[in-house]
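> First, the structure itself, so that you have it in front of you.
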Amino acid sequence: MTDTRETALSLGRKRGSHGRQQDDGVLVIRTIAMPADTNPSGDIFGGWLMSQMDLAAGNMAARVSQGRGATVSVEAMQFLRPVKVGDEVTLYATLRDVGRTSMRIHIDVWARPRHSTEAQRVTDADFVFVALDENGRPRPVLAKG
């Protein structure tokens, strides 16, 4: 592994310390699911949850690449249980891999019912981002130097 890649990977492996103990990953977002985010069945809309995941992955990508980036793909997302109005939703990001211009970031999402102390994992997925220069073209994730 190159020094640049080791530096980038170390940024994504800091321990999350808020609430549930996390073996690997950084607490990136914690929010409350609100009534405006529901689907017609009254559960939290999956698109809202996916947008939160994209924000979390984008936050990690910006931190690692030290600049602008764009989502290229989302892989293997599965909803394990519904999120309810009032649940506290916590998103953890783990940097899985760094290529020359791309980053693979794993997002774990946990939900804790409002009047409970126990959170449950509700979904996870891998997001691939590409680092972009000021003209919107792919650039190296970290410049050597």
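None of the figures in this text is laboratory data; all of them are computed from the coordinates on show. Note that the structure is predicted; figures quoted are calculated from it, not measured. As a convention, Cβ positions derive from the backbone with ideal geometry for all residues, glycine included, and neighbour counts pool all protein chains shown.
> If packing is taken as the mean number of other Cβ atoms within 10 Å per residue, what is the order of 77-83, 93-99, highest first?
Top of the packing list down: 93-99, 77-83.
> Counting only residues 5 or more places away or on other chains, whose amide H sits under 5 Å from the amide H of D97 once H atoms are built in the peptide plane?
R104
> Related question: Give, as a single signed number, the net charge of other residues whose beta carbon lies under 12 Å from the beta carbon of S73, with Lys and Arg counted +1 and Asp and Glu -1.
Computed value for this residue: -2.
> Compute the length gained on full extension between M77 and I29: take 0.36 nm times their separation in residues and subtract their Cα-Cα distance, giving the result in nm to one decimal.
15.5 nm
> Residue by residue through segment 76-88, which ³J(HN,Hα) values in whole Hz follow from phi under the Karplus form 6.51 cos²θ - 1.76 cosθ + 1.60 (θ = phi - 60°), with glycine and proline marked x?
So the Karplus estimates, Gly and Pro as x, are 6, 8, 9, 7, 8, 7, x, 9, 9, 4, x, 5, 7 Hz.
> For segment 21-123, which GluC sites (Glu not before Pro) pass both filters: DSSP loop (anything but H, G, I, E, B) and at most 11 other C-beta atoms within 10 Å? Each step should come with its number before you reach the end.
Details: sites: E75, E88, E118; in loops: E118.
Passing both the DSSP loop test and the Cβ count: E118.
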